[in-house]
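The values are calculated or read from the model by the stated rules, or taken from the named source; none is laboratory data. Values in this document were obtained by computation on a predicted structure and should not be read as measured data. All Cβ positions, glycine included, derive from the backbone under ideal geometry; neighbour counts span all protein chains shown. Surface areas here come from the heavy atoms of the whole protein model, side chains and all, with no ligands, DNA or RNA. Shrake-Rupley method; radii C 1.70, N 1.55, O 1.52, S 1.80 Å.
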Amino acid sequence: MRVRRTRSRPSHNELLEVPGRSNILFVTVAAKNRVPLFASEPVHEALVSAWRSADHWRVGHYVIMPDHIHLFCTPGRYPPSSLRTWVKRRVSESGALPAQAGIWLPDCWDTQMRTGAHYTETWAYVRENPVRAGLVPFASDWPYSGELILLDWRGP
């Protein structure tokens, strides 16, 4: 009998740079105890502003859910800085959330997109999160999502 093991903590691999292929990562960060802190217009505006001014990582598609944030990003500098600390720091420094310690789960999930199809399928799934959560009837109705820069896939 085969036993399936599940991870209790995410696996983080170094960014794998392949010549001629885009370096796009999918990231999820969550509030500690799944407290609904994020899905509001002030937080949305502050995050978009913080991400637009960022130069370490550049954000493409994103979805801000009540208790977690999904985003796709690519390095803005080489070598890239630590993604795990950058995302949380940009959110915390945006000024949109109360200045309190311990609002985050200790880690985040990140996955490097391997192919254009992987990127397209992951975005299609993430885009529907507000619908699956029963927050809106259509993904296009969710006001806390968008695309800041075009992360165009190059490669296989």
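If R0 is taken as 41 Å, the Cβ-Cβ distance between ARG154 and ASN33 corresponds to a FRET efficiency of 0.55. Ranked by solvent-accessible area (1.4 Å probe, protein heavy atoms only, all chains present), the residues ARG52, ARG90, ARG127 order from largest to smallest as ARG52, ARG127, ARG90. A dipole drawn for region 26-156 from +1 and -1 charges on Cβ atoms has a positive end, and of PRO137, HIS118, TRP86 the residue lying farthest that way is TRP86. The distance between label points at ARG52 and SER92 comes to 2.5 nm (points 7 Å beyond Cα on the Cα→Cβ vector).
Computed in the context of the full set of protein chains, the accessible area of region 25-156 at 1.4 Å probe radius has 54% of its extent on carbon or sulfur. Once all protein chains are placed together, LEU105 keeps about 70 Å² accessible to a 1.4 angstrom probe. In this label model, TRP104 and ARG77 are separated by 1.7 nm, measuring between points 7 Å along each Cα→Cβ vector. Compared with the alpha-carbon gap, the fully stretched path from VAL136 to ALA124 is longer by 2.7 nm at 0.36 nm per residue.
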